[in-house]
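Below: one structure, written as structure tokens.
The values are calculated or read from the model by the stated rules, or taken from the named source; none is laboratory data. None of the values given here were measured: they were computed from a predicted structure. Virtual Cβ from ideal backbone geometry, glycine too; neighbours counted across all protein chains shown.
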Amino acid sequence: MDPADLRDRLGYGDARLLAECAVDEMAATGRGGQKRNRTHSTVRLRHRPSGLAAVGRESRSKSENTKRALRRLREAIAIAKGPPLPNAPEWPAGVNVKDGRLRVAPRNPARPLVLALLLDALEEHGGRAAPAAAALGLSTSSLVKVLAGHGGAFTEANRIRARNGLAALR
């Protein structure tokens, strides 16, 4: 799948993104007793066009687990390699950038798109955080802090740096 087409999926609503997925329901394991072991509340989404997958299993509620799996699928799409960085990236609504500091709440629906922009900038600048941050109008520490707040994005940032012969971010 073309990276730009995949990145467009970040703007899809839940129903539209879910329509592109194969949904597997299964019984969860672990704490929760007999109710948890008998009900098929775990949800695994497999995005057919990209092959990416995400699982929601924390709750005994299938609908809550579906929402969690959708959020994780969006994050996986954001982490996947995207298109080239635009010359003047636009921040999504609800994202606050002031004095080079980026603020985005963990539950903000635009968070996967923000992570995608940060990783695209890092990729385009050979894994170097300072020029990537400057290209986005951010401070280096702000870029690193937002990435560090998301384990998958931080791991991908360090993979980008390793491919370019740079030390891992801390």
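Some points to look at:
- Among the residues of segment 159-170, the ones that are of a type in the set (Gly, Ala, Ser) and either touching a Phe, Trp or Tyr at 6+ places or on another chain (Cβ under 7 Å) or not in a loop (DSSP other than H, G, I, E, B) (or both) come to 1 in all.
- Yes/no for residue 14 being in contact (Cβ under 8 Å) with a residue 40 or more places away in the chain, out of contact with any Asp or Glu (no Cβ under 7 Å at 6 or more places or on another chain), surrounded by 13 or more Cβ atoms within 10 Å (Cβ to Cβ) and more than 30 Å from residue 132 (Cα to Cα): yes
- Conditions (1) more than 20 Å from residue 170 (Cα to Cα); (2) modelled with pLDDT of 90 or more; (3) touching a helix residue (DSSP H, G or I) at 6+ places or on another chain (Cβ under 7 Å): number failed by residue 146: (1)
- Pairs, first of a type in the set (D, E, K, R) in segment 131-156, second assigned to a helix (DSSP H, G or I), C-beta under 9 Å, six or more apart: 156/79; 156/115; 156/119; 156/122; 156/147
- Within segment 47-70, the set of residues being under 22 Å from residue 11 (Cβ atoms), without any contact (Cβ under 8 Å) to a residue 40 or more places away in the chain and surrounded by fewer than 16 Cβ atoms within 10 Å (Cβ to Cβ) comprises 48, 51.
- Just so you know, in segment 49-105 the residues that are of a type in the set (Ser, Thr, Tyr), modelled with pLDDT of 90 or more and out of contact with any strand residue (DSSP E or B) (no Cβ under 8 Å at 6 or more places or on another chain) include one that is nearest to residue 22 (Cα to Cα), and it is 50.
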